[in-house]
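The values are calculated or read from the model by the stated rules, or taken from the named source; none is laboratory data. Here the structure is a predicted model, which means the values were calculated and not measured. All Cβ positions, glycine included, derive from the backbone under ideal geometry; neighbour counts span all protein chains shown. For the accessible areas, the whole protein counts, side chains as well, though only heavy atoms, and no ligand, DNA or RNA atoms are used. Shrake-Rupley method; radii C 1.70, N 1.55, O 1.52, S 1.80 Å.
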Amino acid sequence: MSQRFVFWISMLIPGSGHMMLRRLRETLFGFSLLALEILVYIQFILPNFRLLFVEQANGKLTIGLERFVDDSFLIMVGSTFGAIMLLLFVALHYAFARDAKDVKRQIDVNGYAITFTEKVRGLSHEIVPNIITAPKFILLFVFSFLPAIVSIAVAFTNYKRPILPPAFLLEWKGFSNFERLFTNERLASGFWDTLSWTMTWTFCASALTIVLGTVLAVVANNKKIKGKKFFRTVYILPWAVPAFLTILVFQLFFSKVGGMNTMVIPFFTGNEYDVATAIGFFLNADYAKITIILIQAWLGFPYVFILVTGVLQTIPDDLYEASSIDGGNAWTNFFDITLPLILISVAPVFITQFTFNFNNVTIVYMLGEATIQTVGAVYKPLDTISSLGFRLMMDAKYSEATVYTLIASTFVGAIVLYTWLKAGAFKNEEVM
C-alpha cells in the first residue's frame, strides 16, 4: 500500500485511507463528513441543480420549470451556494488525503505516526485564531463573495422588469446582453462615451485628491510653519462633515442662484449679478464635469492628508541633515527623500483612491440629477460605468445593470491587481 494509493483513496472517500492505517478517530471524522456531503447533495444541491437549466417546449432555456411555483432567483442563489459547497467538500477531501499521506509517510520512515491527540494539541495555536476570525470571513462570504457570483450569473439572463420571478421564469441569454451593448449603435455610443468619461473622472479626481492632500501635508508639517495643530485640524474638517451634506451644499453653491454666481464671480469681475447671464455649472456638461472633479478633490484630500502626515512623522531628520551637507535644498529634498518614502509607504492606499473613484456612485448620482439629460440619451452627462449600473438597477433592469457592473469590476480589478503587485510596499523592501 503506497502513499499515492492512500492519498487517492482518501480523496474519493474521506477516512478510507485512515481506516487502512488503523486511525479510528480520523476514520470516523471522514465517514461523518461523507455522510453529511451525501445529505447536503440530495436535500439541497441536487434539487437546485435540476432546475438551473430547464429546456422548455418552445426551446428556451429557463431557470425553473413552472411559473408561480419555481422562483428563478432563489434557484440561482441556491445553485451558486451549492457549487461553493461542492468546492468546499473537495477542499476537505484534499485535506483528509494529505493527512492520510503524511501518516503513511511517517509510518514508512519512523515506524509510527503521531496520535490524533498530539496532532490536535500541535494545531491548537492555529485553531484559536481561525475560530476568532471565522465570523469575518463568513460575513464577507454572505455579503460580498456570494452576491458577486450571483451578479455574474444575472448578467447572462433576462432579469428585468416586468420579467420578475416567481411570476416569470428567468431565461438564459448567454452573451447576448454583452453583444447588444457593443452592436446596438445607440447603446454602444452611450457605453463608449460613458467609459471615456469614467476614465477621465477616475484619473483626474484621484490625481487631484492625492496631489492636494500630499502638498498640504508637506507644507503643514514644515518646521517653519507655525500653528501646525490648527492647520491639521482645519484640513480634516471636510472629512468630518457627512459627504452627502457637503455635496448638497456644493450643489446649491454652484447653482444659478448660489454663492458662486451671486458673490464670488461678481467680486472678481466687478459685474453685478444677473440670473440671465449666470453660469449654469451643472447645466453645461463640460462645466459640470470640471465642477464634480473639484468637489471630489475637496471631499477626498483630508484622507490623503492624514495618511501622508503620518508618514512624514516617521522620516528621520538625519536624512535631511545629510542632504543639506551635500548641498540639497527644499526642492531636491522633496523629490529625492520625501516623495519616494511617501510612495513606498502609502502607494497601495493611493491605488485604492483610483478604485474608490472608479466605483464612486454617491457624488455622481447626486450631482448627476442636477444636470440636463439629452433627449433620447440612455445616460446622464455625469454618469460613469458604476453609476449607470446603479441607475439601471434602480429601474429594475438587473441584467443590464450587472453587465455594466461586471465590465467595471473586471476593468478596475485588473488594473488594481497589476499596480498592487508592482507597488514597492508589497515587496517587503527595506525603507530605512
Wholly inside the range 304-373, helices (runs of 4 or more DSSP H) that include 2 or more residues that are surrounded by fewer than 16 Cβ atoms within 10 Å (Cβ to Cβ) are 317-325, 330-333, 339-358
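If you scan the range 146-166, which residues turn out to be over 19 Å from residue 407 (Cβ atoms), surrounded by 11 or more Cβ atoms within 10 Å (Cβ to Cβ) and in contact (Cβ under 8 Å) with a residue 40 or more places away in the chain? Let's see the steps before the verdict.
Our first condition is that a residue be over 19 Å from residue 407 (Cβ atoms); within the range 146-166, this holds for 146, 161-166.
Filter once more, keeping what is surrounded by 11 or more Cβ atoms within 10 Å (Cβ to Cβ): 146, 163-166.
Hits for the range 146-166 are 146, 164, 165, 166.
Looking only at the range 361-384, count every residue that is out of contact with any helix residue (DSSP H, G or I) (no Cβ under 7 Å at 6 or more places or on another chain) and at pLDDT 80 or above and tell me the total. Explain how you work it out, then say what you get.
Of the range 361-384, the ones out of contact with any helix residue (DSSP H, G or I) (no Cβ under 7 Å at 6 or more places or on another chain) are 369, 372-376.
Then drop every residue that is not at pLDDT 80 or above, which leaves none.
Number of matching residues: 0.
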Quick count over the range 14-30, residues being surrounded by fewer than 17 Cβ atoms within 10 Å (Cβ to Cβ) and either of a type in the set (Val, Ile, Thr) or not in a helix (DSSP H, G or I) (or both), is 1
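Of all residues in the range 31-40, how many are surrounded by 15 or more Cβ atoms within 10 Å (Cβ to Cβ) and free of Cβ contacts under 8 Å to residues at least 24 places away in the same chain?
Summing the residues that are surrounded by 15 or more Cβ atoms within 10 Å (Cβ to Cβ) and free of Cβ contacts under 8 Å to residues at least 24 places away in the same chain in the range 31-40 gives 2.
Condition check ((1) open to solvent by 60 Å² or more (accessible area, probe 1.4 Å); (2) at pLDDT 80 or above; (3) not hydroxyl-bearing (Ser, Thr, Tyr)) across all residues:
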| position | (1), (2), (3) |
| --- | --- |
| 82 | no, yes, yes |
| 95 | no, yes, yes |
| 101 | yes, yes, yes |
| 117 | yes, no, no |
| 125 | yes, no, yes |
| 139 | yes, yes, yes |
Log entry, pairs with first residue in the range 313-329 being touching a residue at least 60 places away in the same chain (Cβ under 8 Å) and under 24 Å from residue 346 (Cα atoms), second being of a type outside the set (D, E, K, R) and surrounded by fewer than 12 Cβ atoms within 10 Å (Cβ to Cβ), beta carbons closer than 8 Å, six or more apart or on different chains, reads 316/432
Based on this model, can you work out whether residue 244 counts as open to solvent by 80 Å² or more (accessible area, probe 1.4 Å), closer than 23 Å to residue 368 by Cα and under 28 Å from the mean Cα position of the chain (by Cα)?
yes
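Inspect the range 288-301 for any residue being under 33 Å from the mean Cα position of the chain (by Cα) and of a type in the set (D, E, K, R) and give the result as yes or no. Before you say what the answer is, go through the steps one by one.
Going through the range 288-301, the residues under 33 Å from the mean Cα position of the chain (by Cα) turn out to be 288-301.
The next check asks that each one be of a type in the set (D, E, K, R); those that pass are 289.
Looking for residues that are under 33 Å from the mean Cα position of the chain (by Cα) and of a type in the set (D, E, K, R), one finds at least one in the range 288-301, hence yes.
Yes/no per residue for (1) modelled with pLDDT of 90 or more; (2) more than 24 Å from the chain's Cα centre (by Cα):
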position	(1), (2)
168	yes, yes
178	no, no
182	no, yes
185	no, yes
190	no, yes
200	yes, no
213	yes, no
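Got at least one residue in the range 207-225 being closer than 17 Å to residue 289 by Cα, touching a helix residue (DSSP H, G or I) at 6+ places or on another chain (Cβ under 7 Å) and buried (at least 16 other Cβ atoms within 10 Å of the Cβ)?
Pass one, the range 207-225, residues closer than 17 Å to residue 289 by Cα: 207-209.
Checking which are touching a helix residue (DSSP H, G or I) at 6+ places or on another chain (Cβ under 7 Å) leaves us with 208-209.
If we keep only those that are buried (at least 16 other Cβ atoms within 10 Å of the Cβ) as well, we get 208-209.
There is at least one residue in the range 207-225 that is closer than 17 Å to residue 289 by Cα, touching a helix residue (DSSP H, G or I) at 6+ places or on another chain (Cβ under 7 Å) and buried (at least 16 other Cβ atoms within 10 Å of the Cβ).
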By residue number, the members of the range 64-114 that are in contact with a helix residue (DSSP H, G or I) (Cβ under 9 Å, 6 or more places away or on another chain), more than 30 Å from residue 170 (Cβ to Cβ) and outside any helix (DSSP H, G or I) are 112, 113, 114
Handout entry: Yes/no for residue 216 being touching a strand residue (DSSP E or B) at 6+ places or on another chain (Cβ under 6 Å) and farther than 26 Å from residue 387 by Cα
Key = no
Filtering the range 41-60 down to residues that are more than 34 Å from the chain's Cα centre (by Cα) and open to solvent by less than 70 Å² (accessible area, probe 1.4 Å) yields 56, 59
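Just name the residue that is farthest from residue 194 (Cα to Cα) out of those in the range 393-414 that are among the hydrophobic types (A, V, I, L, M, F, W, C) and open to solvent by less than 20 Å² (accessible area, probe 1.4 Å). Walk me through it before giving the result.
So in the range 393-414, the residues among the hydrophobic types (A, V, I, L, M, F, W, C) come out as 393-394, 396, 401, 403, 406-408, 411-412, 414.
Then keep just the ones that are open to solvent by less than 20 Å² (accessible area, probe 1.4 Å); that gives 396, 401, 403, 408, 412.
On the way: 396: 20, 401: 14, 403: 14, 408: 11, 412: 15 Å.
Checking each candidate, the answer is 396.
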